[in-house]
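Visitor: Pasting a structure here, questions to come.
Each reported figure results from applying straightforward, stated rules to the coordinates on display, with no laboratory input. If you're wondering where the values come from, they're calculated on a predicted model, not measured in any experiment. Virtual Cβ from ideal backbone geometry, glycine too; neighbours counted across all protein chains shown.
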4 protein chains.
Amino acid sequence: MSAKSLRVGVLGAGRIGKIHTQILSRLGVTIVSVADPGADRAKALAAEFGILNFTTDPNDIFKDASIHAVLICSPTDQHAQQIHQAAQHKKHIFCEKPIALDLAVVDAAVKAVEEAGVKMMVGFNRRFDANFKRIRKAVVDGEVGELSMIRITSRDPSPPPVSYIKVSGGIFCDMTIHDFDMARFLVGSEIDQVFVMGQARDAEIGAAGDVDVAVVCLQFANGVLGYIENSRVAAYGYDQRVEILGSKGAVSCENNYPNTVTLSTGTSIARDLPLHFFIDRYMDAYRDELVAFVDACLNPATLPPVSGQDGRQALKLGLAATLSLKENRPVKLSEFPSGYPATGRL
Amino acid sequence: MSAKSLRVGVLGAGRIGKIHTQILSRLGVTIVSVADPGADRAKALAAEFGILNFTTDPNDIFKDASIHAVLICSPTDQHAQQIHQAAQHKKHIFCEKPIALDLAVVDAAVKAVEEAGVKMMVGFNRRFDANFKRIRKAVVDGEVGELSMIRITSRDPSPPPVSYIKVSGGIFCDMTIHDFDMARFLVGSEIDQVFVMGQARDAEIGAAGDVDVAVVCLQFANGVLGYIENSRVAAYGYDQRVEILGSKGAVSCENNYPNTVTLSTGTSIARDLPLHFFIDRYMDAYRDELVAFVDACLNPATLPPVSGQDGRQALKLGLAATLSLKENRPVKLSEFPSGYPATGRL
Amino acid sequence: MSAKSLRVGVLGAGRIGKIHTQILSRLGVTIVSVADPGADRAKALAAEFGILNFTTDPNDIFKDASIHAVLICSPTDQHAQQIHQAAQHKKHIFCEKPIALDLAVVDAAVKAVEEAGVKMMVGFNRRFDANFKRIRKAVVDGEVGELSMIRITSRDPSPPPVSYIKVSGGIFCDMTIHDFDMARFLVGSEIDQVFVMGQARDAEIGAAGDVDVAVVCLQFANGVLGYIENSRVAAYGYDQRVEILGSKGAVSCENNYPNTVTLSTGTSIARDLPLHFFIDRYMDAYRDELVAFVDACLNPATLPPVSGQDGRQALKLGLAATLSLKENRPVKLSEFPSGYPATGRL
Amino acid sequence: MSAKSLRVGVLGAGRIGKIHTQILSRLGVTIVSVADPGADRAKALAAEFGILNFTTDPNDIFKDASIHAVLICSPTDQHAQQIHQAAQHKKHIFCEKPIALDLAVVDAAVKAVEEAGVKMMVGFNRRFDANFKRIRKAVVDGEVGELSMIRITSRDPSPPPVSYIKVSGGIFCDMTIHDFDMARFLVGSEIDQVFVMGQARDAEIGAAGDVDVAVVCLQFANGVLGYIENSRVAAYGYDQRVEILGSKGAVSCENNYPNTVTLSTGTSIARDLPLHFFIDRYMDAYRDELVAFVDACLNPATLPPVSGQDGRQALKLGLAATLSLKENRPVKLSEFPSGYPATGRL
């Protein structure tokens, strides 16, 4: 079947909703309608990509029997409910991360999806980045041998507004959650224990009860040691690197740059700053992510490459990290309920 | 006016015709029809991008009064005639390089375009590459001071078939022509003299009267020294680099890679090969090139950034280089007719 | 005063003793005698560098009133006693790290040195490496602003014999001790807490009660977060890198290589392996270290740039890390006695 | 035999004489005397390295029967005569480049050396640089297959005084001569033809009849194409790079840097400038060059790795380049006398 035969509805016309809509449009998928509580936003997005319908009521999309799949790009607190509704109406689901900030809520959503027999994919776009895919390939192909260590560097150019931070669930569930998924994806093992060090360099972020610089240590079930270095601020821009050490050597990646130009003057040998933020850095990854989702929707035998269980495990790690920081102690993941289903696949 | 209001016809459904058609489609331009002597090729391309019409007769496009512009993606020996026809029918023209292999033919085509008052842009796509644009910006902004030298490295991964080489006009008019344009573009000056060294490493290419390895020396009117290093073969893939030396320092670029990953083993510190050929390397440049053409078509006051005169100057340099190789002597550009119009703009 | 006027004795003619002797010889220092329990080793080293005397009894050096300074290059378990003897005989002391594996022993040795009024320098040679000096300069000069994080990567090409590991004091007192000193040196602050994750990839090392892969988390008194990544094995060779993040940006270094050559083939873009081990990597640092020691010996007002207290602090961190691994908990440095003198200088 | 058993005299106590003296001293060679017309310079150099004798008369060295070899570090116009004198007194000769600026003079000197049966090595130090040696090894080992092209980039940070330029023999015999030797060394073939483009960016240099920016094209006897890019000025410092293309790929080197540190700020990703000039860049090469000379002096069967014939061929290329620039035409090396002996070894 062709991409055109897939009929989707988009829930949420904000920044990420626009990105996904543009990509689906270029892929030739039939976008039936876009829903957003802001009628103007929904209308504008529909107009930009020649979508025939828009609505302020997501139910118009859920109830449209011609629609095969939905993209949930709404605020986090609506994700779980929309998953339940989509599952009830037998639509495949692409849901932005995180599914929810409560493990029980996530479990219920995942259970509903599985019982409905629809497919759900969680938006961990970084798995589709060319650098990280190449690193994963090096691991899978045995190019670095048996793994010993993984380091993930993940720094944003500048922090979001404090108003956002207050409702974000904290740095570990909001920002590090991507890195937790990346760690599981690259190593191919679950994590048994986390230990966290953190600091609030920004006084306002500290007053909001969060940190903006953190190191998260990971002990994997297969013996690998991991560490994530996060910062809400990096003067030189978006910093997304990984390094893995194994028995045969190491594999690592650098940031992506807008050009390869070097300027050599009497002062320094310099190049321009890396791509500034996630939209620039991960645009190709967003596209490949949706290619995979479209493929899973069109082919009954194809599982989405990122599952609801993946979303749950990343959230659990975020909660464990939050607890470790609070109590200044290593936290075992076994302190948390194992959830539904009891075991995930990696 | 929007991209959609621009109505174009595509002449030629081969490799480069497909690339341009895909880009125009994504830009939202209205592609009215595609013409190719091979009806199947024309039909397939039309079908792929939802184009309503296709034809084996270019006249169907020239005579369609609703069409504003044409893209000439046919074989080189048809370029000039199609330019004349398009000009006669008052259509703007995007023409792949080279316009022709004969200076008088080029002059006549350029004259016809100017007299018809339509716009013509020649497909020197590399001017739109992020690396080369950044280098040009360094020159224009004075980051390297007054220029002394420019080096252009331009190597293909592997040679075209000898059958193609025999009708290509020779390496300097076929391959180096891009580098001649790049040299003029980056330095912002005309070239007074060329001197060439060449070798045929491949015996078949030599038997066809051509070379596959060449160094082309350039003396610019403004005193800058230049040199282009060409090879039809590079085992590691497409190699496209530039380095400029000026009084304040140097600016250079590296190749583009599919990822930034380094693999460190007991043998070496290694990375994957660069992007393999021009389609991968220059896809963004092809897009930005057509954005500029569409913009020039839609805005009466906007000149296309690459003119017919640019096409002529690059061809003249190709002919001079061919003569230099034949006679093993430096060749002045003044040995060639100045053409129409007498002076170009850079 | 000239280097030649400084008269030194070397205690220990093993690997590091040879290195220091060669350097002192090139610096023009007068080496009066070399002592080693192995007469052949002492004799050979003396012969190689034209040293007039050798002995199997260190007392011959301590009692020689013409000798101003000694280099203690003997096995670790003899360091403290030789420090006491040298101090008693009013000789300046250069001592290889660690001073001892027991804090009380170190305290007594440092106290003896201070009471004798002689100078002592501990052999943390990495402080004199061009890369790390440049990073320290970036910190001191404010090029990266207020510090947030430091990462130290420190990996050996291959582990020492298990027989050595058994008497080494464990990875944290033997190998990481260099990194602890580097962390204090680069950040310019003491460390309050350590937390360790470790694994024994090599079963024999595990059976000896040690680990060969470790991540050590550091919380500095000034709020900076740190982490050291150690491995006894790296297939690609000696790996010694640092990265510091601050409010104005980041500063980092790469490994050192025997050449800057890149080989581009049909397989990869590759370079040769980095300098293989510490003698190659740090030869210049060893020289500059001794230049500083000689300078401190010759100039009454000059303090050695690495003090006995620096040696004590690094050891304490090694002991804290060992405890953290054993008990899987963060360990405060305040759990250890503050020692003599109560406060160090950084 | 040991280095100590070799007794040498140094002719010339200027910059390069000091460098060689320091190196010989560290190698343990016995330096018997140093001669310089300036008694103070000779005395100071002798004192610095503990040399017992100094003189203002080179004959004191030539006539000292205990001396095995001389280092000719005097001004160029004295080289040939000192070679004749040294040969007459049966001393091995290390001579700084160039031997002379006249081919007949060089021939006579080479002939005198051969007839005397002594060894002569010319100071093309760059052959001993780690980068260039590694590139040569890649060529010899077939890592890049059959060669097609070589590019040599050779730029000084700033020009010498115009007073020096006036007596230097011109850029091609003074500066490019090193690159000519490097080209022959790396490719392993003689050169048949040169063609030169040049410009005098500095008006004073132009008035002195010389150029300060040049591109030199080389056609090798084995079909390889070469080009040397020279500049007397490079704002970022000493620039010494090579790139070779062959049928299996390419091999290239970068400049050498004082450290590997990168500073990432809000402005750029930058590193410090490369090593600034030849003394910093080539110190190890100067050492290894003298190691080879000492080895050839001590071992009857060992030929010096750089011969007088190598000096002659580089000079001839310099003269050919000078002629090419003057007449704006390619110059065949066969236009020059073949010299003595008729054929060189590479």
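Visitor: If we hang a label 7 Å off Cα along the beta carbon direction at B:Ser338, how far is it from the matching labels on the other copies, in nm, shortest first?
Guide: In ascending order, 5.1, 8.8, 8.9 nm.
Visitor: For the range C:116-205, what is the per residue volume of the convex hull drawn over the alpha-carbon atoms, in cubic angstrom?
Guide: Per residue, the Cα convex hull of the range C:116-205 comes to 168 Å³.
Visitor: Label A:Thr267 and C:Thr267 with points 7 Å out from Cα along Cα→Cβ: what is the distance between them in nm?
Guide: About 4.3 nm, to one decimal.
Visitor: A further question on this structure: What are the semi-axes of the equivalent ellipsoid of the range B:246-346, taken as the square roots of 5 times the eigenvalues of the Cα gyration tensor, listed largest first and rounded to whole Å?
Guide: They are 36, 25, 14 Å, listed largest first.
Visitor: Same structure, new question: Would you mind counting up the charge near D:Val211? Only other residues with Cβ under 15 Å from its Cβ, with Lys and Arg at +1 and Asp and Glu at -1.
Guide: Computed value for this residue: -4.
Visitor: Still on this structure, please answer the following. Where does helix D:278-298 land angle-wise versus the long Cα axis of chain D, in degrees 0 to 90, nearest 10?
Guide: The helix D:278-298 is inclined about 50 degrees to chain D.
Visitor: State the three equivalent ellipsoid semi-axes of the protein assembly as shown, derived from the C-alpha gyration tensor as the square roots of 5 times its eigenvalues, in descending order and whole Å.
Guide: Listed largest to smallest, the semi-axes of the protein assembly as shown are 58, 51, 22 Å.
Visitor: P(r) for the range C:1-77, please, calculated from all Cα pair distances in 5 Å bins and given in %.
Guide: Per 5 Å bin, starting at 0, the Cα pair percentages come out as 3, 18, 33, 27, 14, 4, 1.
Visitor: Now for a separate question. Looking at chain C, send over the antiparallel percent of its DSSP beta bridges, to the nearest 5.
Guide: About 55 percent, rounded to the nearest 5.
Visitor: Follow-up question, since we're still on this one. Using alpha carbon centroids, what distance separates the range A:142-209 and the range B:119-194, in Å?
Guide: 45 Å
Visitor: How large is Rg/Rh for the range D:283-324, to two decimals, with Cα atoms and a Kirkwood Rh?
Guide: Rounded to two decimals, Rg/Rh equals 1.17.
Visitor: Under the Kirkwood approximation applied to all pairs of distinct alpha-carbon atoms, what is the hydrodynamic radius of the range A:140-269 in Å?
Guide: Its Kirkwood hydrodynamic radius stands at 16.3 Å.
Visitor: Now, a different point. Between copies, how far does the label point of D:Asp284 sit from its twins, in nm, shortest first, when each point is 7 Å from Cα along Cα→Cβ?
Guide: 1.0, 3.5, 3.6
Visitor: In whole Å, how far is the Cα centre of the range B:5-35 from that of the range C:7-67?
Guide: Each part reduced to its Cα centre gives a spacing of 82 Å.
Visitor: Also, quick follow-up: Using R₀ = 25 Å, calculate the FRET efficiency as 1/(1 + (r/R₀)^6) where r is the Cβ-Cβ separation of B:Lys4 and B:Lys137; round to 0.05.
Guide: 0.20
Visitor: Please compute the length gained on full extension between C:Val167 and C:Ala65, using 0.36 nm multiplied by the number of residues separating them and subtracting their Cα-Cα distance.
Guide: 33.2 nm
Visitor: Where in the range C:227-326 are there chymotrypsin sites (Phe, Trp or Tyr not before Pro) that are in a DSSP coil and have at most 15 other Cβ atoms within 10 angstrom of their Cβ?
Guide: C:Phe277
Visitor: Please identify the trypsin sites (Lys or Arg not before Pro) of the range C:84-144 that satisfy two criteria: DSSP loop assignment and at most 14 other Cβ atoms within 10 Å. Which are they?
Guide: Counting only loop positions with at most 14 other Cβ atoms within 10 Å, the trypsin sites (Lys or Arg not before Pro) in the range C:84-144 are C:Lys90.
Visitor: Right, something else. Label 7 Å along Cα→Cβ of B:Glu146; the range B:194-231 residues with amide nitrogen under 17 Å?
Guide: B:220-226
Visitor: Which percent of Cα-Cα pairs in chain A sits in each 20 Å bin, short to long?
Guide: Bin by bin from 0 Å, the calculated values are 29, 58, 12, 0.
Visitor: Here's another thing I want to ask about it. If one puts a single equal scatterer on every Cα of the range B:226-290 and applies the Debye formula without solvent, what log₁₀ I(q)/I(0) results at q = 0.14, 0.22, 0.24, 0.30 Å⁻¹?
Guide: -0.61, -1.08, -1.12, -1.24
Visitor: Nm distances between the label at B:Lys111 and the same-position labels in the remaining copies, 7 Å along Cα→Cβ, shortest first?
Guide: For B:Lys111, the inter-copy label distances come out at 6.6, 8.5, 10.5 nm.
Visitor: Rank D:Ile269, D:Ile72, D:Ile244 by mean-square fluctuation in a GNM of chain D with C-alpha springs under 10 angstrom and give only the top-ranked residue.
Guide: So, out of D:Ile269, D:Ile72, D:Ile244, the one fluctuating most is D:Ile269.
Visitor: Identify the residue of chain C whose Cβ lies closest to the rotation axis that maps chain C onto chain D, and give that distance in whole Å.
Guide: C:Arg26, 3
Visitor: Could I get the Rg over Rh figure for the range C:80-164? Both from C-alpha atoms, Rh via Kirkwood, rounded to two places.
Guide: Rg/Rh: 1.10.
Visitor: Continuing with the same structure: With viscosity set to 0.890 mPa s at 25 °C, what whole-number translational diffusion coefficient in µm²/s follows for the range B:44-133 from Stokes-Einstein and a Kirkwood radius over Cα pairs?
Guide: Calculated translational D: 174 µm²/s.
Visitor: Between the helical axis of D:308-327 and the dominant principal axis of chain D, each derived from Cα atoms, what acute angle in degrees is found, rounded to the nearest 10?
Guide: Between helix and principal axis, roughly 40 degrees.
Visitor: Going 7 Å from the Cα of B:Asp102 in the Cα-to-Cβ direction, what parts of the range B:164-195 have a backbone nitrogen less than 11 Å from that spot?
Guide: none
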